[in-house]
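Down below is the structure, laid out as structure tokens.
The values are calculated or read from the model by the stated rules, or taken from the named source; none is laboratory data. For clarity, every value in this text was computed on a predicted model and none was experimentally measured. Here the Cβ positions follow ideal geometry from the backbone for every residue, glycine too, while neighbour counts run over all protein chains shown. With ligands, DNA and RNA removed, areas are computed over all heavy atoms of the protein, side chains included. Shrake-Rupley method; radii C 1.70, N 1.55, O 1.52, S 1.80 Å.
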Amino acid sequence: MNIAGLFFRPLYWLAGKVFSIWARPEVQPDVPAELISSPDAKVCYVLESGGLADVLALERAAAQHGMPSPTEPFEFCGIREYRRFIVLRRMKGFWFRRPRKTGSQRLKRLVEAAHEGDEDLLLIPVAIYWGRSPEKERSLLKLLFSENWDVIGRTRKFFATILHGRNTLLRFSHALPLRSIGAEDDELAIAYRKASRVLRTHFRQRRVATVGPDLSHRRTLIRDVLRSPTVRQAILAESGDDYRKQEVARRKAEKYALEIAADISYPTIRVMQRLLRWLWSKIYDGIELNHMEKLHEVAKDKEVIYAPCHRSHIDYLLLGYVTYTQGLHLPHIAAGINLNLPIVGGILRRGGAFFLRRSFKGNRLYATVFDSYIQQVLGKGYSMEYFIEGGRSRTGRLLQPKGGMLVMTINSYVKNPQRPIVFVPIYFGYEKLIEGDAFISELGGAEKQKESIFGLIRSIKSLRDHFGKVSVNIGEPIELEPILDSAHPDWRNYEPENGERPPWLAGIVDNVGGQIMENINSAAAVTPISLLAYVLLATPKQTIGVVELRRQLQLSLDLLRRFNYSDLVTTPDWSPDEIIEHGEKLDVITRSSHPMGAVIRMEEHTAVLMTYFRNNILHLLSVPASVACCFIQGQELEHVELQRLIRLIYPFMKKELFLKWDIEEVDEVTTEAIRSLNDLGILSYGKRKKTLVRPPAGSAKAFQLLMLGESMVPMLQRFYLVIAILVGHGSGTLSRSRLETMCQQSAERLSMIYGLHSPDFFNKSLFHDFIKTLHDQDVLRRNAEGAIEFDEDIKSIGADARLVLGEEIRHSILSLMLTGENGQTA
């Protein structure tokens with residue numbers, strides 16, 4: 001024994017004694033000695049990654065079952081080895097462990113000896129798993145240190161040994177004769193590689209059977225991304241023929257891939273599941289899941305792309321939690337790079353998040369690496385989740401879809417159509433938002449707050465509040481192949497040139513994006529809070545008598561059921577009094593006593609926040625409300641005239657609210673809305689049966705009709721405002737950007753004077769979309785100088801607004817035309 005042996009042997013003995021007190025691995029099979037064919041056979045154990053704890057566990061098991069000690073020397077074919085075990089995946093680094101590039105030198109020497117001698121050696125693979133059943137573990141700390149596919153360092157191995165010493169599996173496998181797995185090959189190098197490959201495959205299969213498949217697969221994903229032809233071409237394009245520049249570009253590409261890639265860890269996910277279960281019980285009254293059978297049905301044989309609306313940062317956590325608890329594969333979740341915060345980013349990454357920058361512009365290499373990553377994820381059959389709105393909605397309306405992720409998804413499938421892709425729209429219905437105050441500030445012009453650790457800590461304080469219930473509704477799935485077949489039947493035979501995307505792809509992306517948004521809205525969850533917001537925001541001062549509030553809530557519920565927007569829409573099975581009580585519980589409304597009856601009021605700050613939740617469901621009753629709106633100023637209208645008016649504004653309603661009907665269906669939909677209002681008694685037919693008549697002025701029914709119509713007045717005011725500004729300045733005088741700015745400023749002034757000062761009313765993006773729709777309808781056009789031109793016909797559109805808008809508001813809008821930019825009268 002050498003000097004080092006004299007020093008380390010007592011320490012090893014002491015470590016073994018301590019280990020035997022605490023760690024008691026379960027050994028399989030029960031009698032592992034039977035795996036050795038003959039008592040005289042020469043044996044060598046094979047460990048996957050080694051380490052002191054693994055060797056001590058093997059030493060203990062071998063001693064218990066009368067097998068050779070792994071630490072004793074042995075001779076084979078004339079060579080002497082001082083240890084009877086091979087470490088297949090040797091590690092380097094003291095604190096930060098990582099695999100060595102070279103394989104096991106002991107295995108190499110044994111293969112060489114077997115090649116030259118006539119003896120055989122039995123290799124016995126021994127797999128050791130610390131914490132093999134984390135799904136049964138209740139300790140969060142133990143879950144963190146349970147077995148997975150990661151390469152772990154000494155610190156984590158130490159804690160895994162301490163925490164899982166009595167929940168460890170040590171499994172002996174059948175002995176493999178060295179000669180049978182490659183030692184008889186003519187070339188030594190080939191024999192060594194074959195033996196290594198057979199053993200690696202064995203350990204991988206054993207690990208899959210014990211702890212599940214390598215679902216993190218980050219290492220192999222990044223490797224495949226960097227090896228893809230498109231990434232290699234991008235590296236060459238950036239570096240040219242200079243080898244050093246190529247290496248720099250390759251490292252840059254690897255850095256991008258590491259920045260992007262998810263690192264799914266099921267122990268981390270199990271910890272998160274427990275934490276989230278606790279969190280949901282603290283802040284929510286429950287999570288309601290609706291239409292989950294649709295998701296389970298398509299997930300059987302299709303690759304699922306989850307396409308939810310984006311309301312809150314909670315969305316990421318909520319959908320991941322739901323899919324995991326429903327027994328579905330955890331999706332790879334697209335997240336903005338702004339969420340890749342210290343600590344938090346690592347947790348999200350292990351929970352399935354992959355990160356993308358807000359813009360790829362000017363960085364071809366990054367764009368290529370990201371595109372290749374998406375192709376690899378989809379090609380390997382993993383589900384994915386992304387928000388096609390790009391960011392969180394600040395108004396409660398769905399945002400216009402962004403095509404970036406859709407383009408990459410569809411293009412990847414066109415290149416490599418394997419498992420059919422299906423998009424699953426998902427609607428999140430909240431009753432309160434953690435980010436509510438921040439959204440209102442940002443809409444009011446405040447700078448968007450950057451995500452940070454301190455911001456996260458501040459937001460944790462709000463978790464002490466009560467947030468009601470949250471609904472997760474699955475929309476109608478959208479299969480990609482039928483859309484491709486319809487738009488471009490020959491898509492399977494398309495061969496891209498130089499990796500370029502098909503020229504017809506843009507139209508398909510727009511089609512899919514629009515369908516997703518419409519299907520999200522068709523699965524809306526109507527909550528008690530959204531109903532209260534819908535009713536109270538239609539009153540002048542967000543104040544109403546409790547009797548009138550009961551009537552209007554009941555009308556809204558009845559109309560939602562009669563004018564059935566979609567079978568997937570969910571409504572609360574509550575009475576108006578239960579809804580009012582719930583609103584008081586969440587501090588959304590307050591009740592004041594009065595001798596003539598209680599009064600329900602919504603504070604102004606709360607009312608501004610509640611515009612968000614009203615907008616969540618505005619689309620469901622938009623057509624009946626537009627019909628009601630036409631009777632705010634008039635007593636009666638002919639049926640065909642009502643249809644014409646709704647047909648006139650429908651393209652703008654569809655653009656803003658993602659309504660599901662095409663323009664050809666609008667007349668029939670209008671008729672259905674009229675029929676529903678007539679059934680509820682708030683609209684009736686006149687003597688001629690062609691004219692609709694509102695209830696007598698001052699009646700309860702007339703008040704209900706007026707309240708219903710008020711929900712669509714803000715949109716029509718914006719409509720009239722744009723037309724008035726255009727007509728007031730004349731054709732060919734305003735640029736599009738100038739028009740949008742004037743509209744926003746005018747709307748803000750109107751809201752300050754006449755109504756609730758809500759940033760939702762003067763949101764610039766609404767005017768942008770409205771003006772774009774006018775262009776699409778050929779009402780407006782842009783001349784060579786970039787100014788907007790129009791014909792005299794536009795004045796007739798403004799004239800129709802008189803049927804809806806009161807004289808006071810119309811006069812105020814027109815008076816704005818007389819005010820110059822500096823507030824001076826022209």
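For the reader, a short list of remarks on this structure follows.
- The lone exception for Glu792 - which of (1) of a type in the set (Asp, Glu); (2) loosely packed, with under 14 Cβ neighbours inside 10 Å; (3) touching a Gly at 6+ places or on another chain (Cβ under 7 Å) it fails: (3)
- Inter-residue pairs, beta-carbon under 6 Å, first more than 8 Å from Ile124 (Cβ to Cβ) and in segment 170-181, second in a strand (DSSP E or B), 6+ apart: Leu170/Val27; Leu170/Ile128; Arg171/Gln28; Arg171/Ala127; Leu178/Leu123
- Among the residues making up segment 350-389, a single one is touching a helix residue (DSSP H, G or I) at 6+ places or on another chain (Cβ under 9 Å), farther than 23 Å from Ile222 by Cβ and free of Cβ contacts under 8 Å to residues at least 60 places away in the same chain: Lys361.
- Filtered residues of segment 659-690 (kept if in contact (Cβ under 8 Å) with a residue 24 or more places away in the chain, open to solvent by 20 Å² or more (accessible area, probe 1.4 Å) and either in contact with a strand residue (DSSP E or B) (Cβ under 8 Å, 6 or more places away or on another chain) or within 24 Å of Leu399 (Cα to Cα) (or both)): Lys660, Lys690
- Scanning segment 505-526 for any residue that is farther than 29 Å from Leu560 by Cβ and not in a helix (DSSP H, G or I) turns up nothing.
- Qualifying residue in segment 695-702 (condition: open to solvent by 60 Å² or more (accessible area, probe 1.4 Å), in contact with a helix residue (DSSP H, G or I) (Cβ under 7 Å, 6 or more places away or on another chain) and more than 30 Å from His768 (Cβ to Cβ)): yes
- Of all residues in segment 709-725, those that are open to solvent by less than 30 Å² (accessible area, probe 1.4 Å), of a type outside the set (D, E, K, R) and in contact with a Leu (Cβ under 7 Å, 6 or more places away or on another chain) total 5.
- Test: residue in segment 692-699 that is touching a residue at least 24 places away in the same chain (Cβ under 8 Å), over 22 Å from Leu557 (Cα atoms) and of a type in the set (A, V, I, L, M, F, W, C): yes
- Across segment 480-504, the number of residues qualifying as open to solvent by less than 40 Å² (accessible area, probe 1.4 Å), within 30 Å of Leu236 (Cβ to Cβ) and either free of Cβ contacts under 8 Å to residues at least 12 places away in the same chain or in a helix (DSSP H, G or I) (or both) comes to 1.
- Selection count, segment 192-238, where residues are modelled with pLDDT of 85 or more, of a type outside the set (D, E, K, R) and over 14 Å from Leu88 (Cβ atoms): 12
- Restricting segment 399-430 to residues that are in contact (Cβ under 8 Å) with a residue 60 or more places away in the chain, crowded, with 18+ Cβ neighbours inside 10 Å and assigned to a helix (DSSP H, G or I), the residue that is nearest to the chain's Cα centre (by Cα): Met405
- Looking across segment 343-365 at every residue that is part of a helix (DSSP H, G or I) and touching an Asp or Glu at 6+ places or on another chain (Cβ under 9 Å), the one that is least open to solvent (accessible area, probe 1.4 Å) is identified as Leu365.
- Ile388 passes every criterion in (1) under 15 Å from the mean Cα position of the chain (by Cα); (2) surrounded by fewer than 21 Cβ atoms within 10 Å (Cβ to Cβ); (3) assigned to a loop (DSSP other than H, G, I, E, B) apart from (2).
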